[in-house]
Amino acid sequence: MNHSPWRDMTSSEWDMAARMNQSRYGPDDLTPGEMAVLAAVAEEAEAPVPTQAAARRLHLSMNTVRSHLVHIYSKLGVHSLIGAFRRLGWLRK
């Protein structure tokens, strides 16, 4: 049976691995289009589906909005809109 080294990692080792995996990019690396998508999603936060409302507002397809969000998450090292907003300082923790 193969033994996985991940199973025996301590909490501090997991924290260090997470820090090492953080994105090398930051908010200044987002394109104007990516920033426009994030701003539109934030402004449409009260809509039933904010990303869909943002797509309509910006005259983009949902696929384009999703694509921008995937790139944004990758650049910022986050996994959600909330994480992106926090990373940009648009939300308090």
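Looking only at the stretch 50-61, residues that are in a helix (DSSP H, G or I) and either more than 20 Å from GLY89 (Cβ to Cβ) or of a type in the set (Gly, Ala, Ser) (or both) come to 8 in all. Out of the residues in the stretch 76-93 meeting the condition of being in contact (Cβ under 8 Å) with a residue 40 or more places away in the chain and either assigned to a helix (DSSP H, G or I) or touching a strand residue (DSSP E or B) at 6+ places or on another chain (Cβ under 7 Å) (or both), tell me which one is farthest from TYR25 (Cα to Cα). Per the stated criteria, the residue is LEU81. Scanning the stretch 73-87 for residues that are within 18 Å of PRO50 (Cα to Cα) and surrounded by 15 or more Cβ atoms within 10 Å (Cβ to Cβ) gives TYR73, LEU81, GLY83, ALA84, PHE85, ARG86. Among the aliphatic types (A, V, I, L, M), over 15 Å from the mean Cα position of the chain (by Cα) and surrounded by fewer than 17 Cβ atoms within 10 Å (Cβ to Cβ): does that describe VAL70? No. The set of residues in the stretch 24-35 being assigned to a loop (DSSP other than H, G, I, E, B) and open to solvent by 60 Å² or more (accessible area, probe 1.4 Å) consists of ARG24, TYR25. Looking across the stretch 36-46, the residues that are surrounded by fewer than 18 Cβ atoms within 10 Å (Cβ to Cβ) and either within 16 Å of the chain's Cα centre (by Cα) or farther than 16 Å from ILE82 by Cβ (or both) come down to ALA36, ALA39, ALA42, ALA45. Can you work out which of the residues in the stretch 49-67 that are among the hydrophobic types (A, V, I, L, M, F, W, C), touching a helix residue (DSSP H, G or I) at 6+ places or on another chain (Cβ under 6 Å) and over 10 Å from GLU34 (Cα atoms) is surrounded by the fewest Cβ atoms within 10 Å (Cβ to Cβ)? Restricting to residues being among the hydrophobic types (A, V, I, L, M, F, W, C), touching a helix residue (DSSP H, G or I) at 6+ places or on another chain (Cβ under 6 Å) and over 10 Å from GLU34 (Cα atoms), the top hit is MET62.
Residue-level check: of (1) more than 20 Å from ILE82 (Cβ to Cβ); (2) within 17 Å of the chain's Cα centre (by Cα), SER61 misses just (2).
For (1) over 17 Å from ASP29 (Cα atoms); (2) in a loop (DSSP other than H, G, I, E, B), each residue gets a yes or a no:
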site: VAL41; (1), (2): yes, no
site: PRO48; (1), (2): yes, yes
site: ASN63; (1), (2): yes, no
site: LEU69; (1), (2): no, no
site: SER74; (1), (2): no, no
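The values are calculated or read from the model by the stated rules, or taken from the named source; none is laboratory data. These numbers were taken from a predicted model, which means no experiment stands behind them. Cβ atoms come from the backbone with ideal geometry, glycine included; neighbour counts cover every protein chain shown. In case anyone asks, the SASA skips ligands and DNA or RNA and just uses the protein heavy atoms, side chains included. Shrake-Rupley method; radii C 1.70, N 1.55, O 1.52, S 1.80 Å.
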